1. Could you say which residue among Val174, Val150, Val178, Val146 is under 18 Å from the mean Cα position of the chain (by Cα), over 19 Å from Asn278 (Cβ atoms) and at pLDDT below 95?
2. So, in region 145-168, of the ones that are buried (at least 22 other Cβ atoms within 10 Å of the Cβ) and among the small types (Gly, Ala, Ser), which residue ends up farthest from Ser286 (Cα to Cα)?
3. May I ask you to verify whether Tyr194 is in a strand (DSSP E or B), assigned by TED's automatic domain parsing to the domain that holds His271 and either within 30 Å of His271 (Cβ to Cβ) or more than 16 Å from the chain's Cα centre (by Cα) (or both)?
4. Restricting to region 63-87, give me the number of residues that are surrounded by 15 or more Cβ atoms within 10 Å (Cβ to Cβ) and either assigned to a loop (DSSP other than H, G, I, E, B) or free of Cβ contacts under 8 Å to residues at least 24 places away in the same chain (or both).
5. Name the single residue, out of those in region 89-136 being among the aromatic types (Phe, Trp, Tyr) and surrounded by 14 or more Cβ atoms within 10 Å (Cβ to Cβ), that is farthest from Cys205 (Cα to Cα).
6. Checking the conditions here, which among Asp103, Asp128, Asp139 is touching a Cys at 6+ places or on another chain (Cβ under 8 Å) and either modelled with pLDDT of 95 or more or among the charged types (D, E, K, R) (or both)?
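The values are calculated or read from the model by the stated rules, or taken from the named source; none is laboratory data. These numbers were taken from a predicted model, which means no experiment stands behind them. FYI the Cβ positions are ideal-geometry reconstructions off the backbone, even for glycines, and counts take in every protein chain you see.
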Amino acid sequence: MERTFREQFFFLVLCLSVLKGDSRYIENNEILKDELYSFFNSELKRETPEELMYRRPLRCLDMVAVEGQFTFTAERPQLSCAAFLMAEPNEVISVDYESVDIDCRGGDFITVFDGWVMKGEKFPSSQDHALPLYERYVDYCDSASVRRSVRSSQNVAMVFFRVHAAGSGFTLTVRKHVNPFPCNVLSQSPEGSYTMVIPQQRRNCSFSIIYPVSIDVSEFSLGHYNNFPKRTVPGCVEAGDFVQLLGGSGIDTSKLLPITDLCVSFSGPTHMKIGCDNTVVRMVSSGKFVSRVSFSYRLLDNQELQTIKLNNVEDFCFNN
C-alpha cells in the first residue's frame, strides 16, 4: 500500500474534521462567536446576509468545507496551487469569481474542476460523470466574459490557480445547494449510513469512502429481481443493473479492483471488511428501473486491519 496516498487522504480529512477545515482562521475573522456557530446550521447559513458572510484568506494549498468568501493574494509567484472544496453528500457546490486581478496573458489562470484530482486520478471517473472530461474544466481566462459562476455535479470540486505577480489575486464565493438525487459522493466521515437512489436514469453512481472500513449492505433493489444476492462479475455485467463493491488505493473508480458484485435484489445484511485506502459502493443503472442500495460503514481498527491481511478477498489492498 502506498503510504503517501493514504497520508494525502488523511491530511485532507483531518482538515475537515477540525470545524470542517476552518477553525484555525476563527481568531482572525471579525464575525462574532455566536454568529460563527450559526453557519454550521444548513438552514441558517442559506439565509445569511452578504455582510455577515464568512470570510478568510485562501492558501496556495487549501481545503474548504464551509460557505463563504475566500481571498487569495500572492505574496510571491505561486505557480502550482489548488483548493479542495467539499460539501455534504446531498449538496453540490457553486463557485463565483469576485475581484479577479490576474494576468491571463502572462500565464496566470484560475480553473475550476468538476470533481477532485489527486496524483493524476479523477473523482468521479470519466465512466461515472455525465460530462466529457474537457467540459469539467472551466478556466476563468477563457470564460470570464460569459461565465463567472461554476456549479459542481457532486459534493466535491477543485480550484487550480497560478498567479505570478506579488499583490495579484482573486476572491471566490463558495456556496452549497441541495441536490435531491446525489449521484457521485465522496464521504467526509469514516462512519455513517447512506442510501443511493437512481430514479430511472441511465447512469453510474458511486459512494467513495477514503478509509479502510467495515461495510454492511442492508438493502438492495433493482426493481426486476427479488431473490437472494448473486455474486458473479460476468452475470452482473450482462444484467445491465448491478452494484459493485470496489477497493484500492486511488480515487478513480475505473482503476479500482472489484471485490464483489450484486445483481439480484435482496433485503438483509451483507457484511464485509475491506482494508483499502478507498472503498467504493458503485451502482450501474440501465435507466429502466428505480434502483436503490442502502449501506452503513465504520472505520476498521488496527487489530481488524492486521486480521484482514489473511483474507484472500481483500488481500490485494495490501499488495497494490
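1. Values: Val174 fails: at pLDDT below 95; Val178 fails: at pLDDT below 95; Val146 fails: under 18 Å from the mean Cα position of the chain (by Cα).
Going through Val174, Val150, Val178, Val146 in turn, just one is under 18 Å from the mean Cα position of the chain (by Cα), over 19 Å from Asn278 (Cβ atoms) and at pLDDT below 95: Val150.
2. Of everything passing the filter in region 145-168, Ala157 is farthest from Ser286 (Cα to Cα).
3. Numbers: in a strand (DSSP E or B): yes; assigned by TED's automatic domain parsing to the domain that holds His271: yes; either within 30 Å of His271 (Cβ to Cβ) or more than 16 Å from the chain's Cα centre (by Cα) (or both): yes.
Yes, satisfied.
4. Count: 5.
5. If we filter region 89-136 for residues that are among the aromatic types (Phe, Trp, Tyr), which is where we start, we get 97, 109, 113, 116, 123, 134.
Then drop every residue that is not surrounded by 14 or more Cβ atoms within 10 Å (Cβ to Cβ), which leaves 97, 109, 113, 116, 123.
Values: Tyr97: 29, Phe109: 31, Phe113: 18, Trp116: 15, Phe123: 11 Å.
Taking the candidates together, the pick is Phe109.
6. Details: Asp103 fails: touching a Cys at 6+ places or on another chain (Cβ under 8 Å); Asp139 fails: touching a Cys at 6+ places or on another chain (Cβ under 8 Å).
Result: Asp128 is the single residue among Asp103, Asp128, Asp139 that is touching a Cys at 6+ places or on another chain (Cβ under 8 Å) and either modelled with pLDDT of 95 or more or among the charged types (D, E, K, R) (or both).
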